[in-house]
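None of the figures in this text is laboratory data; all of them are computed from the coordinates on show. This is a predicted model, so every value here is computed, not measured. Every residue, glycine among them, receives a Cβ derived from its backbone with ideal geometry; neighbour counts consider all protein chains shown.
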Amino acid sequence: MSRGGRQTGIRCPVSLFARQETEVNRVTRAINQAPRAAEKAIWAQVLMEVVDVLLGCEHYDEASRHCRLCQEFSQLRRKTAALIVKAEQLDDRRRRL
């Protein structure tokens, strides 16, 4: 996002978000490029581990808009990854029937 030509985003006081965001982007690309549900599910589990680091941040400050956004994005990403894993489980069960 930008505002008046200026880059905006989540400003993490301990730089945890930026470090994890790099890994989130890498894993998300892997999920998107995986040809089969089983492969996507493996990467989705990795994504859950990556965002769990953010969700467990010891420096979380509820008063900080940036911390709240980080947590909300992380929760959304975790839910999305969990849906990918669940879809693969359903697909696997369907194949066995």
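Given 0.36 nm per residue, what is the gain on full extension from residue 69 to residue 33 after removing their alpha carbon distance, in nm? Present the calculation step by step, with values, prior to reporting the outcome.
Values: separation 36, 0.36 × 36 = 12.96 nm, distance 2.70 nm.
Length gained, residue 69 through residue 33: 10.3 nm.
Taking 0.36 nm per residue of separation and subtracting the Cα-Cα distance, what length does fully extending residue 15 through residue 76 add? Could the numbers behind the result be given before it?
Details: separation 61, 0.36 × 61 = 21.96 nm, distance 2.01 nm.
Result: 20.0 nm gained on full extension.
Once you order the gyration tensor axes a ≥ b ≥ c over the Cα atoms, which shape class does the chain get: rounded for a/c under 1.5, otherwise prolate or oblate by comparing a/b with b/c?
Numbers: a/c = 2.84, a/b = 2.07, b/c = 1.37.
Cα axes put the chain in the prolate bin.
Only helices at least 24 Å long along their own axis, judged from Cα atoms, and with Kyte-Doolittle mean hydropathy of 0.0 or greater: name those in the chain from DSSP H. Intermediate results must be reported in sequence, preceding the final value.
On the way: long enough: 16-33 (26 Å, -0.71); 37-55 (26 Å, 1.21); 65-96 (47 Å, -1.12).
Helices meeting the criterion: 37-55.
Hey, what number do you get for the chain at 222 nm if only DSSP H runs of n ≥ 4 count, each worth -39500 (n - 2.57), divided across all residues, to the nearest 500? Write out the running numbers ahead of the final one.
Working: 3 runs with 69 residues, N = 97.
So the helix-based figure for the chain works out to -25000 deg cm²/dmol.
Going highest first, how would you order 86-96, 12-22, 35-45 by mean Cβ packing within 10 Å? Can you show the working numbers first?
Working: 86-96: 11.5, 12-22: 14.7, 35-45: 16.6.
Most protected by this proxy first, the peptides run 35-45, 12-22, 86-96.
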